[in-house]
Amino acid sequence: MDKYVILAQVGEGTFGAVYKARSKQTGEIVALKKMYNQNDEEGLSYFALQEIKYLKQLNGSPNVIHLIDSFIHEGENSTDDRRLNLLDVEGIKKACIVVVLPYYESDLVGAQTAFTGIREVKCAMQQILTGISSMHANHVMHRDIKPANMLMRDGEIAIADMGMTTSTNTTSPLPHQVVTLWYRPLELLFGANRYGPEVDVWSCGVLFIELMSRKCPFPGRTEHHQVELILELMGQSYIDQSEGLNKLSLYEKYMPKRELPRNSQLKRIFSSWADDALDLLLKMLCPAKQRWTASQLLDHPFFTNNPSPCSPKDVPKVPAMHEYEMKQKYHNQGRTTQRREEMTHAQGPPNKKQCLPTHAPMPRSQPRSLDKNKLHSGQEGYRHKVPVTGGSRTSEETSN
């Protein structure tokens with residue numbers, strides 16, 4: 001760790017934290033991902049070792065973040081270590097694994113406003129599908145595709161966070177509690193333990209709607225709520241067309257008891273989309289065995305029809321920000337608002353010039369409750385209605 005100067009914390013998760021740092025030797029700005037042990041008895045983190053394994057396997061793949069270095073850090077005996085202790089949530093009294101990665105100034109949560117037109121959306125989706133196609137060609141599935149794991153620098157996107165990544169060649173049963181809840185396909189919600197790269201494709205479909213509309217269509221609060229939101233949009237016919245879905249272990253637990261729309265609502269709700277965009281979506285948000293592969297999706301007319309995807313360098317510049325920084329910003333705004341309201345109560349109402357909004361905007365990762373009838377894209381020609389309600393990313397069965 002004495003080779004780096006920590007500049008700021010830019011990420012935090014279940015298994016550790018991410019820091020922006022500068023190499024003392026080269027001056028290069030990098031990202032240091034520190035992954036802690038879950039307890040003193042477990043030794044080095046399994047998830048950290050898995051991440052390093054797949055980063056090495058995927059090194060050189062297009063639109064996938066590459067590994068610069070990795071090492072074990074004891075957290076003792078250096079000035080930098082002591083400085084790092086000040087930044088860590090829990091400190092580093094025990095060994096942890098540090099992964100050195102290229103630094104990307106934003107993720108798709110922080111850079112969402114860059115995708116203001118269909119050419120920019122095509123550019124982003126083309127890069128994301130290229131990265132996923134490359135992973136799948138290397139017999140690897142990501143299992144946590146979401147905006148926060150899509151890093152961006154100068155319009156170029158790299159898929160990051162391999163903590164949930166696994167091989168597509170395994171013959172063993174797999175856990176179903178993977179993929180962040182909002183981006184989790186129905187087969188996993190119903191408990192499937194035999195699946196493949198198609199789970200990443202579903203997540204891409206959800207992300208595609210988000211890029212087009214700036215709203216997540218399925219912001220479920222629990223697994224049960226997530227299933228309801230998906231089936232309100234996909235209809236009972238989705239179950240009928242999905243081989244074996246009604247035989248999965250959690251089907252009876254989570255299947256809504258109330259009446260559902262008979263058919264898919266996608267064409268009606270997204271009727272203002274261009275035909276090629278809607279068809280691309282239908283190829284991703286469909287039963288598992290019918291989903292196109294990432295490689296097939298890259299050959300879809302959506303990417304060759306006019307207007308063509310813009311170049312990454314032509315994606316509009318936006319202020320550098322990650323999901324973690326957005327959460328911190330809105331948390332601090334919320335605390336400022338609370339303090340201001342306390343002072344107002346004690347001192348009486350301010351004059352009009354002093355008045356500020358009484359509510360800080362919600363961070364992108366925890367959107368406001370949506371109007372059940374509206375989901376706006378923020379761009380001309382892409383306005384549509386989606387029957388969803390707001391929620392948080394929390395889940396009855398935690399998955400990161």
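Taking the stretch 151-218, how much of its Cα-Cα pair set, in percent, is spaced more than 14 angstrom apart? I get 65 percent for the Cα pairs in the stretch 151-218 exceeding 14 Å. Loop-resident GluC sites (Glu not before Pro) (DSSP state other than H, G, I, E or B) in the stretch 217-270 with no more than 14 further Cβ atoms inside 10 Å of their Cβ: Glu243, Glu259. Measuring between alpha carbons in the structure, the pairs from Lys33/Lys267; Lys33/Lys289; Lys122/Lys257; Lys20/Lys215 lying more than 32 angstrom apart are Lys33/Lys267; Lys33/Lys289; Lys122/Lys257.
Among Tyr251, Tyr36, Tyr46, which comes first, then next, by fewest other beta-carbon atoms within 10 Å?
Values: Tyr251 18, Tyr36 22, Tyr46 14.
Starting with the residue having the fewest Cβ neighbours, the order is Tyr46, Tyr251, Tyr36.
Taking a Cβ cut-off of under 11 Å around Thr293, the surrounding Lys, Arg, Asp and Glu residues balance to a net charge of -1, with basic ones at +1 and acidic ones at -1. Put in order of Cβ neighbour count within 10 Å, fewest first, the listed residues Lys33, Lys317 become Lys317, Lys33.
This ranking places Arg184, Arg153 by how few other beta-carbon atoms lie within 10 Å of each, fewest first, which gives Arg153, Arg184. Using the empirical formula 2.2 N^0.38 Å as the baseline, the Cα radius of gyration of the stretch 92-183 reaches a ratio of 1.24.
No lab work stands behind these numbers, since they all come straight from the coordinates. Bear in mind that the values here come from a model prediction, so they are computed numbers and not experimental data. FYI the Cβ positions are ideal-geometry reconstructions off the backbone, even for glycines, and counts take in every protein chain you see.
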